[in-house]
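Student: Have a look at this one.
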Amino acid sequence: MKSNNNIKKNAVCNTCTLKLVSIAYWRKPVFRLFREPLKLGMRIFSWLYRINPDEYEVRTPSYRGCIRFYKVALKEKSGLFCWLNNKVNPLFDKVLESIVPEEELIKANDYGKLAISGKVSKKEADEWIKDLKTGF
């Protein structure tokens with residue numbers, strides 16, 4: 001939790017959803033029709049709850065502003081968001097996993113854990129997220 005002495009919170013990331021979503025957009029462009037309304041909902045919730053992703057420690061600078069930090073903060077601040085996320089996220093994961101090859105799922109899981117712990121070099125991060133938009 002952030003205190004007066006600017007201690008930053010830690011976010012947990014078990015996978016690089018951003019990468020998986022980019023693969024899904026490429027393989028099944030119609031996936032956008034499912035994800036974009038969810039992303040818009042997160043934007044609205046983030047605005048309503050005045051979410052500040054800068055409250056979180058970013059150990060891989062390329063990920064500053066990543067949607068993960070917004071989601072973690074919303075889970076902390078909004079019971080309604082948590083309830084909705086518990087209903088929608090399993091479906092989102094199932095759809096995403098049906099589009100993205102198993103090998104890519106494994107890579108994204110491994111990468112997400114390394115990136116959030118700061119064990120990814122700037123060069124590796126830049127290559128991984130090349131042509132991806134990390135924020136909203």
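None of the figures in this text is laboratory data; all of them are computed from the coordinates on show. Since this is a predicted model, take the numbers as computed values, not measurements. Heads up, the Cβs are rebuilt from the backbone with ideal geometry, glycines too, and the neighbour counts pull from every protein chain shown.
Student: Can you give the net charge of the other residues whose Cβ lies under 14 Å from the Cβ of Lys75, counting K and R as +1 and D and E as -1? Before the final figure, lay out the partial values.
Tutor: Details: positive: Lys9, Arg68, Lys71, Lys77, Lys87; negative: Glu55, Glu76.
Summing Lys/Arg as +1 and Asp/Glu as -1 gives +3.
Student: Starting from the range 25-113, pick out the GluC sites (Glu not before Pro) whose DSSP state is loop and whose Cβ has at most 14 other Cβ atoms within 10 Å.
Tutor: Glu57
Student: Would you indicate which of (i) 16.0, 50; (ii) 14.9, 46; (iii) 18.0, 59 is the value of Rg and Dmax of the Cα atoms in Å derived from the coordinates of this structure?
Tutor: The listed entry that was calculated here is (ii).
Student: Would you calculate, for the chain, the mean residue ellipticity at 222 nm contributed by helices, counting each DSSP H stretch of 4 or more residues as -39,500 (n - 2.57) and dividing by all residues, to the nearest 500?
Tutor: Calculated at 222 nm, the ellipticity per residue is -19500 deg cm²/dmol.
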